[in-house]
């Protein structure tokens, strides 16, 4: 798993939330790492569109809290070793945060087939990992998801 420190997590989350551009999320880390967390948050805060901050009802303290929650989830997954299997696996995948779609599919997702007792399905969906539920993509994702449920008799 790609190791994400607090700064990287804060920048990724800020990008997901539409506070900074992908370019900023990728390029700011070296300049931010020597700074305190408070200083890092202040810089991202100044770059953030004010209307987006209002829309999210976000404060620097709340952003810090969300970064800590996301970091805790990453920590939980680091030592996770799956076991056993399920009857079927349906995987929906979009453009990943890093790397290509085909690399993500073949190297990160397909190995999970070992935990399915039947052949998994892999469904390419529109958008990026963090935009699947945006207004632009959710109608199409909902149709795709519903079709997979119906194919399973659900």
Exercise for the section: Could you list, in sequence order, all residues of region 1-13 that are assigned to a loop (DSSP other than H, G, I, E, B) and surrounded by 11 or more Cβ atoms within 10 Å (Cβ to Cβ)? Expected result: 4, 5
Exercise for the section: Among the residues of region 84-111, write down those that are touching a residue at least 24 places away in the same chain (Cβ under 8 Å) and either exposed (fewer than 14 other Cβ atoms within 10 Å of the Cβ) or under 30 Å from residue 52 (Cβ atoms) (or both). Expected result: 84, 85, 86, 87, 88, 92, 93, 94, 95, 96, 97, 98
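Conditions (1) at pLDDT below 90; (2) in contact with a strand residue (DSSP E or B) (Cβ under 7 Å, 6 or more places away or on another chain); (3) not assigned by TED's automatic domain parsing to the domain that holds residue 18, marked per residue:
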position: 98; (1), (2), (3): yes, no, yes
position: 111; (1), (2), (3): no, no, yes
position: 114; (1), (2), (3): no, no, yes
position: 118; (1), (2), (3): no, no, yes
position: 121; (1), (2), (3): no, yes, yes
Exercise for the section: With the condition kept exactly as written, say whether any residue in region 34-43 is at pLDDT 95 or above, closer than 25 Å to residue 95 by Cβ, outside the structural domain of residue 130 (by TED's automatic domain parsing) and over 15 Å from the mean Cα position of the chain (by Cα). Expected result: no
Handout entry: Qualifying position, being touching a strand residue (DSSP E or B) at 6+ places or on another chain (Cβ under 6 Å) and surrounded by 11 or more Cβ atoms within 10 Å (Cβ to Cβ), among 125, 138
Key = 125
Handout entry: Neighbours by Cβ (under 7 Å, 6+ apart or cross-chain): first from region 115-142, assigned to a strand (DSSP E or B); second modelled with pLDDT under 85
Key = 125/132; 127/134
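The values are calculated or read from the model by the stated rules, or taken from the named source; none is laboratory data. For clarity, every value in this text was computed on a predicted model and none was experimentally measured. Ideal geometry is used to build each Cβ from the backbone, glycine not excepted, and the neighbour counts take in all protein chains shown.
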